[in-house]
1. Could you report the accessible area of A:LYS115 in Å², rounded to 10, computed with a 1.4 Å probe on the protein chains as they sit in the structure?
2. In square angstrom, what is the accessible area per residue of the protein assembly as shown with a 1.4 angstrom probe?
3. Using just the helices of chain B, give the 222 nm mean residue ellipticity in deg cm²/dmol: DSSP H runs with n ≥ 4 each add -39,500 (n - 2.57), and the total is spread over all residues, rounded to 500.
4. Ignoring ligands and nucleic acids, what accessible area does B:HIS84 show with a 1.4 Å probe (Å², nearest 10)?
5. Percent relative contact order of chain B, based on C-alpha pairs within less than 8 angstrom and at least six residues apart?
6. Need one number: buried accessible surface between chains B and A, 1.4 Å probe, both sides summed, DNA, RNA and ligands left out, in Å² to 100.
7. How many percent of the accessible area of region B:1-96 is carbon or sulfur, using a 1.4 Å probe?
8. Can you list, bin by bin at 5 Å, the percent of alpha carbon pairs in chain B, starting at 0?
Amino acid sequence: MSIQALGVSLAAIHMFRGNTSVVTAGFVLFVVGYYVVQAGFFTSYSDLPDVRSIVSAFGGRDAIATALLISSILLIANGFVVGARASESPMIKTMILSGTSIVGGYILGHIGIQKEIL
Amino acid sequence: MIISITQLVWVASRGASLVWTYPWGLLMWISYYVGHFVATGKVIDKSSRDTSISMPGSPVTLLVTITSVGGMLVAFPIAIVAVHRDSYLLLLIAETCFMGGYVGGHYGFTRRLL
């Protein structure tokens, strides 16, 4: 969870600085943190310190799910950077692009990981 | 969660460093996991192997679900204007719109609030 918090905090700071790569890295960290929390809850206690259990949480992902997840991260990160830039001079088209990119990106990624829209 | 997201965006938009943003990022996720536990009895969902996507059961639910997702979307222009105008209240409204939309949409699709 602290990894997730670090990810979103870095993303929040750097979206206002226009650093798309750091924002993207922030959301990658967020996803990694999410899997770590999952591994923590769904592997047995004896596996917890084992790196293998974290890696296996990534395991079994098919190519489409992985592609959806990568697309999701890129859409969300870019959506936030566009949005933060738009906060300096808001234009309807840019604001809608930002929201659509972020929400659409989230839905894509969620379908990839959880096989659900939300 | 609404307050911590609002705080996170507010302080980040003012150029705050990691020291001042991280606590809000952490509170955001603590709130989410607590809320998820209260709503579902589990802190986090296992990754699903079931490939069937849940859809709203009735036309009314579908309408509410689409409106909710629309709410999530419209939250971003509201938040952008809020940051532009330096309005904490508007930002709070934006985040409420986002979380309300998320919860409504999530319930519409899955019959669970979170």
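1. Roughly 40 Å² of A:LYS115 is accessible to a 1.4 Å probe.
2. On the way: 11350 Å² over 232 residues.
So the protein assembly as shown comes to 49 Å² accessible per residue, rounded to a whole number.
3. Numbers: 4 runs with 85 residues, N = 114.
For chain B, the value works out to -26000 deg cm²/dmol.
4. Rounded to the nearest 10, that gives 90 Å².
5. Details: 128 pairs, mean separation 35.1, N = 114.
Once divided by the residue count of chain B, the mean separation gives 31 percent.
6. Details: alone 7640 and 7390 Å², together 11350 Å².
Accessible area lost upon association: around 3700 Å².
7. Details: 3650 of 5070 Å².
C and S atoms contribute 72 percent here.
8. 2, 12, 16, 19, 19, 15, 10, 5, 2, 0
The values are calculated or read from the model by the stated rules, or taken from the named source; none is laboratory data. All of these numbers come straight from a predicted model, not from anything done at the bench. When we count neighbours, we look across all protein chains shown, and the Cβ atoms used for this are built from the backbone with ideal geometry, even at glycine. Accessible surface areas use protein heavy atoms only, side chains included; no ligands, DNA or RNA. Shrake-Rupley method; radii C 1.70, N 1.55, O 1.52, S 1.80 Å.
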